[in-house]
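**Q** Here it is: the structure, laid out below.
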C-alpha cells in the first residue's frame, strides 16, 4: 500500500519568552535577624566577635542601590558592561542609580515590610502605628501597588504590643536599624511547621515573588486575565505538621498579583528548579494546554549574610543583603520573541554520575551532539551566575568562571576546541557573574532577560541556560541534578509551512485516490 | 571541611587506626584543599568542627596529585577527572598539599 503523505497541519508550535522581570529587596535588618549564619551563631556562640562586628558592615540602601552587580540583576546594565567595570564593585558604585529599572526594581526594606503584610491572609503580621502611616504613604506612590493591595495593609499596633509578642509570644521581630517595627506571629501554638520563623520565611518568599509578578504583568504587554498557569520554583515549603510541604506558593502569589484566571503549582528541585520550571512551562505552552504560563520565585531570608563571617573578617561590607525574585512569562509563539528549544534538552539523569565531567557532559555536550552542534557553536552559556565578589572571599571561588572553564575544558577534551583557545573561549562564551547568592535565583535564569534581548537584536544567535541542583542537601539522595535548554531566535510565523485549504484538499484527494487504487489492486 | 565529614574522619580513624587511613580530597582550589588537609592533620583551623584541636596527622592527598593519579586506572581517570584537571590550578593545589603534609603528617 502506498504510504500516505505526511500532512503538515498548521505549524510546529513554539513556546516563546515574552518577558522576564527581576527584583531585589534590600533587607539589612533581616540579615542580622533572620540570616541562618547569624541565627546559628546566636545559638552556638552568642557573644561572638562576629556578631558584634556585623552591624558595622551592613550597607545602606543607597549603597546597595548603586552596587553594580545589583544593577545588573535588575537589567540596568548588561553582564558585559558589568565585566568591564572597575573592581571591587563595592567601592565603585554606579552614580545616579535609580530604584526602578527595565527589568524591575530594588525595593527598600520598610516598604517590603508593608508588602509582607499585604501578602498575609491570616492576621499574622503586625506593624507599628506610626511606621505604617509613614511607610504606607511611601508605598502608595509605587506605580504597581494596586488599591486592593494597599487595602490589605492594616492600621498599626503599639510598640508595647510588639515587644510583648516578640518577648512572650514566640513572634519573629521585624526591625529597622535594630529597632522593632513589627512582628510575625506563629500560626499555631504547637505545630513547628507553622512557627513564626517559617511563616516569616514563607511570606518573604511570597512577597518578593509577588513583586516580580507585578513587574512582569506591567511590562509584558499581556493582560493579567490571560495568564492561565503559574509555576513557582523557590526552595521554601509551606504546610503544617500533617502536610509539611503541601505548597502552592504559586496560587498564593497569583492571588495577590491579581492573576484571577490562573491556577498553578509549585515545582521543587533545589537550585535547578527554575530551569526545570522553564522546561515545564514551555512544554505546557507547546502542547497547547495553556497559552501563557509564568515561572516565578521569590527569595530567601535564610541565605542573607550566608558568607557574612568571611566578609566581615576580610573587611568587606556584607554583600548578601538582598532578597531576590524573578518572574518569566512563557507564551505561545508570537513570531517575534525568542523561543525555548524543547527538542534538545540536557538532562542530568539518575545514571549520569556526579563527577563534574559527567555533569557537564550530560547538560552541555550531549544535548548539543543531539542537535549536531559543538560546544563552541553556542554564543553564550549561563549556568550558575553568582556574583564572585560574594563567593571569592568565602573560599568558594568564581562559580560562573568555574562553569565556563569546565564547559571549555570539555570542548577541548572532545576535540572541539584547542587547549590554547580555552581562555578566549571563556571570554567569548561566558560572562561575569552578578546574581545574589539566593540559592535557586542564580541558576541560569538571571540571563534569560538579557538573552531575550540579545537574540531579538541579533547580537547572539543562540544561548544555553543550564540549571544545576545539589539534592544531597535534603538528605534524601546523594545524586546531583540539572537540566538545560537552548534559547533560539524566532524566524517569524511565516517560516512555518502553512498549507492553504485548497492545497490541503488536493493533497487529501490525491492520497485517498492512491489508497483506493491500492485496495482495488489487491483484488487482482 | 564540613562538620559531618570531620565526624566521619574521626570515627574512621578510631575504628581502623589512623595509620590505615588515607584521605583523598577533591577541592576546587589550593586554599580550600589546604584548609581541608590541615583539618585532618593538625586540627580544624576554623575551630568549628569535631576535629578542632585534634591532631590526627593523617595521610592526605588531592585526587589530582601524582601519588593518587598513579593508583587510578587511566581510563577511569580520563573519564572522571581529566576535564577538571584542565580547569584546576594543579600547581597551586600540589604546593598547598605538600606544605601541609611536610609539616603535619605523622605517617
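Please treat every number below as a calculation from the coordinates, not as lab data. Here the structure is a predicted model, which means the values were calculated and not measured. Cβ placement follows ideal geometry from the backbone for every residue including glycine, while neighbour counts extend to all protein chains displayed.
**Q** Determine, for each peptide in A:344-352, A:326-334, the mean count of other beta carbons within 10 angstrom over its residues, then list the peptides with the highest first.
**A** Peptide ranking by packing, descending: A:326-334, A:344-352.
**Q** Determine the percent antiparallel among the DSSP beta bridges restricted to the protein assembly as shown, to the nearest 5.
**A** Here the antiparallel bridges make up roughly 65 percent for the protein assembly as shown.
**Q** Using alpha carbons only, how many degrees (0 to 90, rounded to 10) separate the axis of helix B:30-39 from the longest principal axis of chain B?
**A** The angle comes out near 30 degrees.
**Q** Quantify how strongly other chains surround peptide A:410-416 by giving the mean number of their Cβ atoms within 10 Å of each of its Cβ atoms.
**A** Counting other chains' Cβ atoms within 10 Å and averaging over A:410-416 gives 2.
**Q** Ok, one more. Counting only DSSP beta bridges with both residues in the stretch A:359-494, tell me the antiparallel percent, nearest 5.
**A** Of the beta bridges lying entirely in the stretch A:359-494, close to 70 percent run antiparallel.
**Q** Between rounded, prolate and oblate, where does the protein assembly as shown land on the alpha carbon gyration tensor, with a ≥ b ≥ c its root eigenvalues, rounded for a/c under 1.5, else prolate if a/b exceeds b/c?
**A** Oblate shape, in that a/c is at least 1.5 and b/c is the bigger or equal ratio.
**Q** Which of A:222, A:210 comes first, and how do the rest follow, when ranked by fewest Cβ neighbours within 10 Å?
**A** Listing A:222, A:210 from fewest to most nearby Cβ atoms yields A:222, A:210.
**Q** Still on this structure: May I ask for the angle, rounded to the nearest 10°, between helix A:448-457 and the longest principal axis of chain A, with both axes built from Cα atoms and the value confined to 0 to 90°?
**A** With rounding to tens, the tilt is 50 degrees.
**Q** Restricting the count to DSSP beta bridges whose residues both fall in the stretch A:169-294, what percent are antiparallel, rounded to a multiple of 5?
**A** 50 percent
**Q** What does the highest-first list of A:468-476, A:482-490 look like by mean Cβ count within 10 Å?
**A** Order by mean packing, descending: A:482-490, A:468-476.
**Q** At a threshold of 8 angstrom on Cα-Cα distance, excluding pairs fewer than six apart, so keeping six or more, what relative contact order does chain A reach in percent?
**A** Answer for chain A is 20 percent.
**Q** Order by neighbour count: A:276, A:188, fewest other Cβ atoms within 10 Å first, most last.
**A** A:188, A:276
**Q** If I fit a long axis through the Cα atoms of helix A:399-413 and take the longest principal axis of the Cα atoms of chain A, what angle between them do I get, 0 to 90°, rounded to 10?
**A** 30 degrees
**Q** Just checking the output field for B:79-92: average partner chain Cβ neighbours within 10 Å of each residue's Cβ?
**A** Other-chain Cβ atoms within 10 Å of each residue's Cβ, averaged: 5.
**Q** Using Cα-Cα distances under 8 Å and only pairs 6 or more residues apart, what relative contact order does the stretch B:3-104 have, in percent?
**A** That works out to 32 percent.
**Q** While we're on this one: So what is the relative contact order of the stretch A:289-430, in percent, for Cα pairs below 8 Å that sit 6 or more residues apart?
**A** With pairs under 8 Å counted, the relative contact order is 20 percent.
**Q** Still on this structure, I have one more. When the helix-only estimate is applied to chain A (DSSP H runs of n ≥ 4, each -39,500 (n - 2.57), divided by the residue count), what is the mean residue ellipticity at 222 nm, nearest 500 deg cm²/dmol?
**A** -11000 deg cm²/dmol
**Q** Shifting gears a bit: What list do you get for A:232, A:86, B:29 if you sort them by fewest beta carbons within 10 Å?
**A** So the ranking, lowest neighbour count to highest, is A:86, B:29, A:232.
**Q** Taking each residue in A:390-399, count the Cβ atoms of any other chain within 10 Å of its Cβ, then average. What number comes out?
**A** So the per-residue partner count for this stretch is 2.
**Q** What order do you get for A:214-220, A:90-96, B:41-47 when each peptide is scored by the mean count of other beta carbon atoms within 10 Å, highest first?
**A** In decreasing order of mean packing, A:214-220, A:90-96, B:41-47 become A:214-220, B:41-47, A:90-96.
**Q** A follow-up question, please. According to the square roots a ≥ b ≥ c of the eigenvalues of the Cα gyration tensor, what is the shape class of the stretch B:3-104, taking rounded for a/c under 1.5, prolate for a/b larger than b/c otherwise, and oblate for the remainder?
**A** Taking the square roots of the gyration eigenvalues as a ≥ b ≥ c, the stretch B:3-104 is prolate.
**Q** Among rounded, prolate and oblate, which fits the stretch A:288-382 when a ≥ b ≥ c are the square roots of the eigenvalues of its C-alpha gyration tensor, a/c under 1.5 means rounded, and a/b larger than b/c means prolate?
**A** Oblate, since a/c reaches 1.5 and b/c is not below a/b.
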